[in-house]
Structures are given as C-alpha cells and as structure tokens.
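Engineer: Please read through the structure below; I'll follow up with questions.
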Amino acid sequence: MQKKIIDELRDMPKFVYVLAMLVAFGGAVGIYRLYAGLGATTNLSKAYPWGIWISFDLSTVALSGGAFTLAALVYVFHMHNLHAAVRPTVLAGLLGYTSVLIILFMDLGRWDRAYHFLIYPNLNSALFEVSWCIALYSSILVYELSPVLLQNTKWKGAIPVLEKYTVPMVIAGVSLSTLHQSSLGTLFIVMSARLHPLWHSMLLPIFFLISSLASGLALIIAGATVSRWVFKRSLPQKLIAKLGWFLPWILGVYLVLKLGELEVTDELHYLFTSGKYSVLFISELVFGMIIPIIMFSRKEVRHSRNASMIGAFFVMAGVVLNRFNASWFAIQPLQGVEAYKPHWMEVAILVGVASGVFLAYTLIGRYFPLFDETIKIDEPKHAPKLIAATE
Amino acid sequence: MSTHTTNGKYGFLIDVTHCIDCRACNVACSVQNEVSMDSTRIWMNGTGVVGKYPDLQSFTAPFHCMHCNDPSCASACTVGALTRDHDGIVRYDEDRCIGCRYCIYACPFQVPNMDLNETMPLIVKCDMCGDRLDEGEQPACAATCPPGAIQFGRREDMLAEANRLINENPGKYIHHIYGEHENGGTSTFYISPVPFEELGFPIPGATSSAYYNRLVTHGTPAVFGAAAVSLSGIYLTIKNVQEETAEEARAAVIRSAQAAESARAAERAAATEEEA
C-alpha cells in the first residue's frame with residue numbers, strides 16, 4: 001500500500017508538486033490573514049475597500065460561466081453533440097466557484113459571521129442576491145458533477161436516479177446563473193459616485209451577463225486545447241468550431257450595446273478624453289471584442305485548434321480586463337489618497353487558491369472518469385462517443 | 001419603487017461661516033461614542049488656505065453621516081445591518097455586519113469607515129447620538145460646538161432656518177443648501193460662502209443611487225421567473241419537435257415497409273396464379 005502511494009506520487013508530473021507548494025504557502029498566508037486582520041495583510045483602505053480579491057472573484061465567476069452556458073446548450077437546447085464537453089466544463093465551473101467562495105471568505109472583515117447572509121436578508125442588496133445565487137448554484141454544480149465522482153464507486157447505483165432530475169436542475173442552475181452573473185454588474189450601479197462613467201451604466205447587469213456567456217464559451221475552447229497538453233484528451237475540433245461560431249454574435253451584441261449605451265447617455269466623448277481610462281476601455285473593445293469577432297467569423301480560425309485557442313484567450317482577457325476595470329482600475333481616486341496596489345500577501349493567497357484550482361482539476365482528471373466522452377488525441381481512431389445517455 | 005421618500009424627523013444645520021476649525025465636535029464625538037479622534041464618525045473638510053496675502057482665507061466644516069432620506073448604504077448592505085429608522089436616522093447594527101465593506105463604496109458621501117487594523121473590524125458611522133436623543137439631549141457635536149456652527153433640531157426647522165439665513169444675508173452665502181437635494185435629500189444641511197466642491201465635499205446627483213439600485217434588484221424575482229419559464233418552454237418545445245420528427249420518421253419507415261410488404265405479397269400472389 002505504502003509503496004503504491006509512493007509510486008503514484010513519483011508518477012505525478014512535476015508541476016503538481018509546484019502547485020502543491022503554492023497551495024501550501026497561500027494557505028499559510030490565508031490563515032495568518034484570518035488571525036492578523038485585513039490591515040496587516042492587505043492594502044485595502046477606506047478609499048479602496050475592495051481590491052484584487054473582488055476583481056478575481058468577478059473574473060472567475062465570468063469565466064466559470066462556461067458551465068451554465070454549456071448546460072443550457074446541451075440540455076435545454078438539446079445540442080447533445082456538445083455533451084462531451086459537459087464534464088470537464090462543469091468541474092472547471094465548480095472549482096471556479098469554490099475558489100470564489102474561499103476568497104470571499106478571506107475578504108470578509110467579520111469572517112466569523114459569514115453565515116449571516118443566510119439569516120439576515122436585505123432584498124435590495126445586489127450582494128445579498130449574489131451570495132445566495134453563488135451558494136445555491138455551487139450546490140447545483142456538485143449535483144451536475146456527481147455522476148463523475150460516483151461512477152467508479154459502490155454508490156454508482158444512485159446515478160440513474162440523479163440523472164432523472166438533471167434537466168430541472170440544469171434549468172434552475174441556468175436561471176440562477178442568469179441572476180448572479182447579471183447581479184455582479186448590478187453591484188456597481190449603486191457605486192455611481194466612484195466608478196468612471198465609461199463603465200458605470202444602468203445596463204451593467206446586461207453587460208455582465210452577455211460577457212459571461214462569451215468568456216464561458218472561450219474557456220471551454222481554450223480548456224479543450226490546454227487539456228490536450230495536460231491530459232492528452234480533448235474535444236473534436238468540430239465541436240470547438242461549433243462553440244466558436246457563437247462568439248462573434250455574442251460579442252457583437254455586447255459591443256453594440258456598450259457603445260450604444262455611451263451614445264444614448266451622451267458619454268461617448270469620454271472614449272477619447274479620459275486618459276488612462278480611455279486606454280483601458282478601448283483595450284477592452286479592441287482586444288476583447290473586435291479582434292475575436294474578426295477571428296471567429298472566419299471558418300479557418302474556427303476549425304484550427306491553435307487559432308481558436310488564441311482567439312479564446314483574447315475573449316477571456318477582454319472580459320477579465322473588464323471585471324478588473326469595473327472593480328479596481330476604473331474606480332476613481334479620492335483626493336489626496338494614493339491609489340490601491342495589492343499587498344504581496346493578497347497576491348500570495350490568490351495564487352494559492354488559483355493553484356488549488358489547477359491542482360484539484362489535475363487530480364480529479366487523473367482519478368475520475370472526467371474525460372470519458374472526450375477523444376484521446378494520440379489515437380485519432382478512438383471515435384468519440386458523442387451522444388450519451390441523457391434522455 | 002419610487003424616488004419618493006419621507007423626510008426625517010431631525011436635522012442638522014451647519015453654517016460654514018461660523019466654523020473655526022477648533023475640532024471640539026471631533027473630541028466630543030470621540031468621547032461620547034468611544035471612537036478614535038480622526039476620520040471615524042466625524043472629521044473636518046476645508047478649503048485650505050486660499051487667496052493672496054494679505055487677503056488670506058480658509059473655510060472649514062465638520063462632516064459626518066448626512067442621514068439620507070434614501071440611503072445608498074442601506075440599499076447596498078448585504079445583511080441589512082444599515083437601516084433608516086422611523087425618525088430618519090440611518091443606524092448601524094454591529095451585531096449583523098459581516099464586514100464586506102460594500103457600504104463604503106456605495107455611500108456617495110464617503111461616510112462609512114472601518115478600522116482595518118482591528119482583527120475583527122466593524123463599520124464606524126454617525127448615528128445622530130441616538131442614545132442622547134432618547135434622553136432629550138442634542139447630539140454631542142451640536143451640543144459642544146463653541147461658535148454654534150452646528151445646529152440641531154427638527155428637520156423642517158433647520159431647512160427653514162437655512163433658507164432664512166441665505167435670504168436675509170445677501171452676499172454672505174452662495175445660493176445652495178448642501179444636503180437639501182443631494183443623493184435624494186438628507187437630514188444634514190450646510191450653508192457656505194464658497195462652493196461646496198471647494199470645501200472638498202463630494203458632489204452627488206439629486207437622485208439617490210439607492211433608487212437606481214432598487215430599479216434593478218427589485219426585478220430579480222421577475223428575471224428568475226422569466227428565465228425558468230422560458231428555459232422550460234424551450235426545452236419542452238424542442239423535445240416535442242424532435243419527438244414528432246422521430247415519430248414521423250418511424251411512421252415513414254413503417255409505411256414504406258408495409259408498402260414493400262404488400263408489393264411482395266402481390267408479387268407472390270401473381271406468381272402462384274401464374275403457376276396455377
């Protein structure tokens with residue numbers, strides 16, 4: 001037994017050890033943060049009460065949007081040929097949300113009262129709504145992932161029972177995602193005094209929802225290529241091309257709405273007159289929307305593994321930049337206060353949690369039937385089982 | 001869901017021309033509420049020294065929670081720890097607070113404070129010295145102010161007094177009562193000889209950001225319902241269409257099989273006839 005474990009550990013790729021070390025270090029700093037308080041471990045202040053942690057949370061939730069987008073396409077829109085991507089994407093979503101919950105916990109001044117959002121509702125608060133949705137949706141993701149975890153255990157008899165209720169659970173999950181993806185945008189509506197007008201808008205919830213669809217799809221596309229490197233498993237390029245086909249439409253609507261809103265509210269002039277804010281905003285437009293729209297409009301890009309991946313990284317970078325702008329870069333400074341820069345401990349905790357996500361993904365991919373329906377890249381003869389027993 | 005809110009019972013009137021920057025209000029507040037001196041519940045804003053020697057000028061004013069008619073902080077607070085009570089006082093329940101700091105970003109007056117150096121930090125903000133009001137006393141800052149720059153009383157009296165001072169002293173004050181309309185109206189009024197942005201005051205719009213926030217958050221149940229219903233509808237519609245198509249395909253297969261069968265039967269019949 002002991003020898004088996006040692007052999008198993010020897011067999012692990014080297015980066016697993018690096019990740020484990022980063023997780024251990026981040027965990028130690030995290031415990032110190034809870035013990036020592038926010039003042040000693042972060043650069044948060046009255047002028048900048050939120051920092052890189054909130055930006056990370058927003059970005060991760062947007063990227064994890066892949067799980068609900070794909071679930072909607074496969075189960076609600078009956079696109080069963082996309083089913084092979086469900087398991088890897090749901091796991092990515094679940095780990096993403098878990099990391100958000102951990103970081104949110106770190107961020108609470110009174111972490112000892114984290115459960116208060118369950119018992120003291122404020123129905124006007126977007127953050128209250130987001131907390132509930134994330135908690136409920138994480139549970140639904142556990143449910144959606146449970147067949148993977150149970151398949152090779154003695155409880156596998158429960159899987160048919162669980163799968164009977166997949167569709168209602170998916171519909172509940174997609175509805176909850178619609179709510180919290182948009183409510184994360186609502187969060188900033190009340191902050192009109194601090195957020196730069198290029199980003200502040202009554203349409204923020206819609207912007208956040210649409211961009212989460214785009215970044216979610218992009219994550220599935222990029223993830224398929226990365227998992228080819230790490231696990232030697234991937235999705236057929238035909239499926240990736242199909243997902244990529246949606247992107248120009250979604251990003252097009254996003255781009256038109258963003259510029260249209262500025263035009264309607266008479267804020268279009270900020271586009272070129274706001275210095276660093278203009279640069280940040282135009283970067284979002286160019287790198288996050290215009291370039292990927294052009295790329296994914298072309299058939300040869302959609303059908304090329306590498307080009308699709310590069311395009312997907314542009315989309316994700318654009319959405320992540322948008323979330324960092326809304327919660328950090330485009331928060332206007334107060335007079336006489338130095339701009340926020342994260343403390344190294346804030347970054348260490350973040351790196352630790354993110355490493356934990358990659359570590360957990362690698363290990364679950366190694367020991368659980370995560371890629372059952374995907375194709376083995378080394379053996380192209382191994383045909384994908386595209387339509388699984390979902391009905 | 002409207003911009004209409006009731007006015008508070010109490011109000012402050014702070015006359016910038018009377019403030020001498022002695023900070024007795026800050027001391028009184030810190031003693032009364034057991035908070036540290038600077039930038040907790042009350043602090044000073046000012047123009048700094050302006051003008052050319054020998055005509056130098058400096059204006060200052062204490063600043064604390066404005067007690068909005070429609071407070072943004074209360075709208076934002078995740079757990080409802082910030083609420084506006086029936087007297088119009090915006091109160092903070094420190095037993096509920098989870099320290100998420102959303103109120104700090106939500107408040108257009110940058111009022112809520114938190115001492116992040118504490119291991120278990122809480123929000124610090126003015127509550128109009130509610131305990132003193134219950135005993136029939138004025139808030140500590142107003143009761144202390146040596147030059148009488150901070151007046152406290154019924155809100156409508158304070159507003160009337162502010163208007164009277166402006167109208168009866170032409171040229172002494174600018175024509176703007178800060179707090180009358182800011183962020184949807186508040187219970188704290190300032191009158192000043194210089195524009196308020198020069199005093200370093202935040203300049204929010206006339207509609208509370210809490211109103212815009214509610215416009216969206218109150219739509220939440222509708223969005224959830226619409227999403228759930230339309231997704232279920234889409235699921236069932238596509239399922240039915242697919243089943244119908246499959247059914248038709250099956251029926252077509254059966255029909256053609258039957259046709260082939262009857263054709264073969266006819267052939268066989270013809271063959272037996274021929275044999276016969």
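The values are calculated or read from the model by the stated rules, or taken from the named source; none is laboratory data. Predicted model only: the values in this text are computed from it and were never measured. No Cβ is skipped: glycine too gets one built from the backbone with ideal geometry, and neighbour counts run over all protein chains shown. For accessibility, only protein heavy atoms count, side chains too; no ligands or nucleic acids. Shrake-Rupley method; radii C 1.70, N 1.55, O 1.52, S 1.80 Å.
Engineer: 222 nm [θ] for chain B, helices only, -39500 (n - 2.57) per DSSP H run of 4+, per residue, to 500?
Structural biologist: After summing the helix terms and dividing by the residues of chain B, the value is -12500 deg cm²/dmol.
Engineer: For peptide B:200-210, what's the mean number of Cβ atoms from other chains within 10 Å of each residue's Cβ?
Structural biologist: 2
Engineer: Under unit Cβ charges (Lys, Arg +1; Asp, Glu -1), what dipole magnitude, rounded to 20 debye, does the stretch A:174-316 have relative to its Cα centre?
Structural biologist: 960 debye
Engineer: Continuing with this model, one more query. Is there a simple number for the mean count of other chain Cβ atoms within 10 Å of the Cβ of residues in A:111-122, and what is it?
Structural biologist: 5
Engineer: For a quick check of understanding: with a 1.4 angstrom probe and all protein chains in place, what accessible area in square angstrom does A:D372 have, to the nearest ten?
Structural biologist: 80 Å²
Engineer: So what does A:W344 come to for accessible area, using a 1.4 Å probe and Å² rounded to 10?
Structural biologist: 150 Å²
Engineer: Before rounding to the nearest 500, sum -39500 (n - 2.57) across all DSSP H runs of length at least 4 in chain A and divide by the residue total; then give [θ] at 222 nm in deg cm²/dmol.
Structural biologist: Working: 18 runs with 258 residues, N = 391.
Helix contribution divided over all residues of chain A: -21500 deg cm²/dmol.
Engineer: Contour minus end-to-end for A:H303 and A:E267, with contour as 0.36 nm per residue of separation and end-to-end as the Cα-Cα distance?
Structural biologist: 9.1 nm
Engineer: Cut-off 10 angstrom, C-alpha nodes, Gaussian network model of chain A. Which of A:I291, A:I240, A:I134 fluctuates the most?
Structural biologist: A:I291
Engineer: Need one number for the stretch B:179-276: average projected area of the convex hull over its C-alpha atoms, nm².
Structural biologist: Result: 11.0 nm².
Engineer: Run the dipole for the protein assembly as shown about the Cα centre, Lys and Arg Cβ at +1, Asp and Glu Cβ at -1, nothing else charged, and hand back the magnitude in debye, nearest 20.
Structural biologist: Numbers: 50 positive and 57 negative charges, 480 e Å.
For the protein assembly as shown, the charge dipole is close to 2300 debye.
Engineer: Let me know the mean shielding of A:39-47 by other chains, meaning the per-residue number of their Cβ atoms within 10 Å of its Cβ.
Structural biologist: Average neighbour count from other chains, rounded to a whole number: 4.
Engineer: Here is a further query. If I build a Gaussian network model for chain A, linking alpha-carbon pairs within less than 10 angstrom, which residue out of A:Y17, A:Y340, A:Y361 has the largest mean-square fluctuation?
Structural biologist: Most flexible of the set in this elastic network: A:Y17.
Engineer: Just to be sure I follow: if Rg is taken over the C-alpha atoms of the stretch A:219-369 and Rh is the Kirkwood radius over the same atoms, what is Rg/Rh?
Structural biologist: In the stretch A:219-369, Rg relative to Rh is 1.05.
Engineer: Still on this structure, I have one more. Cα atoms only, chain B: Rg and Dmax in Å?
Structural biologist: 34.9, 138
Engineer: Enter the buried accessible area of the B/A pair, total of both sides, probe 1.4 Å, in Å² rounded to the nearest 100. If you can, show how the numbers build up before the last one.
Structural biologist: Numbers: alone 15920 and 19120 Å², together 30290 Å².
That pair of chains buries around 4800 Å² in total.
Engineer: Turning to a different aspect of this structure: In chain A, if the dipole is taken from +1 on Lys/Arg beta carbons and -1 on Asp/Glu beta carbons about the Cα centre, which of A:T98, A:S131, A:L19 is farthest to the positive end?
Structural biologist: A:L19
Engineer: When you have a sec, figure out the Kirkwood radius of chain A from all distinct Cα pair distances and drop it here in Å to one decimal?
Structural biologist: Across chain A, the inverse of the average 1/r is 22.1 Å.
Engineer: Let me ask another. Please return the longest stretch of chain A lacking exposed loop sites, where trypsin sites (Lys or Arg not before Pro) count only if DSSP places them in a loop and at most 15 other Cβ atoms lie within 10 Å.
Structural biologist: A:1-153
Engineer: Based on DSSP H assignment, which helices of chain A show an axial Cα extent of at least 27 Å together with a mean Kyte-Doolittle hydropathy greater than or equal to -0.5? Walk me through the numbers before you get to the answer.
Structural biologist: On the way: long enough: A:14-36 (34 Å, 1.47); A:86-107 (31 Å, 1.51); A:126-150 (35 Å, 1.52); A:166-186 (29 Å, 0.85); A:204-231 (37 Å, 1.76); A:237-264 (40 Å, 1.02); A:305-324 (28 Å, 1.05); A:344-367 (34 Å, 1.38).
Membrane-span-like by this criterion, though nothing is claimed about a membrane: A:14-36, A:86-107, A:126-150, A:166-186, A:204-231, A:237-264, A:305-324, A:344-367.
Engineer: Taking chain A as a Gaussian network, Cα atoms linked when under 10 Å apart, which of A:H343, A:H196, A:H116 shows the biggest mean-square fluctuation?
Structural biologist: A:H116
Engineer: Check each of the trypsin sites (Lys or Arg not before Pro) in the stretch B:5-61 and keep only those in coil by DSSP with at most 10 other C-beta atoms within 10 angstrom; list them in order.
Structural biologist: Filter output for the stretch B:5-61: B:K52.
Engineer: On to the next question. Any chance you could check the Cα centroid distance between the stretch A:249-295 and the stretch A:30-68 for me, in angstrom?
Structural biologist: 27 Å
Engineer: Taking the alpha carbon gyration tensor of the protein assembly as shown, what are the square roots of 5 times its eigenvalues, largest first, to the nearest whole Å?
Structural biologist: Values for the protein assembly as shown, descending: 59, 28, 23 Å.
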